[in-house]
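Below: one structure, written as structure tokens.
Derivation of every value follows stated rules applied to the coordinates shown; laboratory data play no part. Small disclaimer: the values here were computed from a predicted structure and weren't measured. Cβ placement follows ideal geometry from the backbone for every residue including glycine, while neighbour counts extend to all protein chains displayed.
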Amino acid sequence: MDNEPVTKRPVFIDKSSPVPYYHQLKVFLMNEIESGRLLPMQKIPSETELCERFDISRTVVRQAIKDLQNEGYLTTEKGKGTFVSRPKIVGGLVQSLTGFHEDMVRRGFTVSTEILKQEVQGASQKVSEALGIEGGSPVIVISRVRRLNGEPSVYVTTYIPQKICPELEEEDLQNQSLYALLEGKYGLEIHRGHRYIGVSLANEYEAGLLNIEVGSPLIELDSTSYLKDGRPLEYFHALHRGDRTRFEVELVRIRE
């Protein structure tokens, strides 16, 4: 076979074991990845090859691969096959309130942005509640796909009250940090923020933007940022690729 990334060590599925076949295959592939015998972005054998090698059904192979995809070990690229995932991008939920651009540059990534939408709209009920404004009030809506080292990583939509940042919809946000612009041009410095984290599965549109399969896991962030005087400045909804992202949380014990 022309693709043989999995070690040639004698391995087999123990068909006398009560452990399900798919789980045995999953553990084997996971060990290959964690040991470094399978490297990031290395293609694994096809379903047919795994079926023949381990004498198991295609259903068993698909379940093992699906579990490893959901846990971030494998990723599937349309028309190319299944690969070992790259190491996950670590983002902090407790940060010094830097924006995505500054945070990722500090971590050594090259950040690029595709602007999908940058216009003024009337605020929906959800957005108006998050920003403390009346429903239908004009807000600047900025939808972007953020890429790290050329790979789509996050799809994010940001909402900012137009009255706080007039003409922001005319600014070039493809090549600069939004937070740096807000602080440098408008004198608006974020003082604190509040974030919720959740999970969802990618629909067809989201999957196309992030170059993943429909139904792939996404990490959702809903965030509202505030100025020092307590006014909400920004609300955003972000979808991070689940196979490429994990978040770290710093915990501090407060003694009473």
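A few remarks follow.
- Between D222 and A180, full extension at 0.36 nm per residue minus the direct alpha carbon distance yields a gain of 13.1 nm.
- Inter-label distance for T110 and E171, nm, one decimal - labels placed 7 Å from Cα along Cα-to-Cβ: 2.5
- Note on L39/E213: beta-carbon distance plugged into 1/(1 + (r/R0)^6) with R0 of 22 Å gives a FRET efficiency of 0.50.
- Residues whose amide H comes within less than 5 Å of that of L38, counting only those at least five positions distant or on another chain, are I33 (H built at 1.01 Å from N in the peptide plane).
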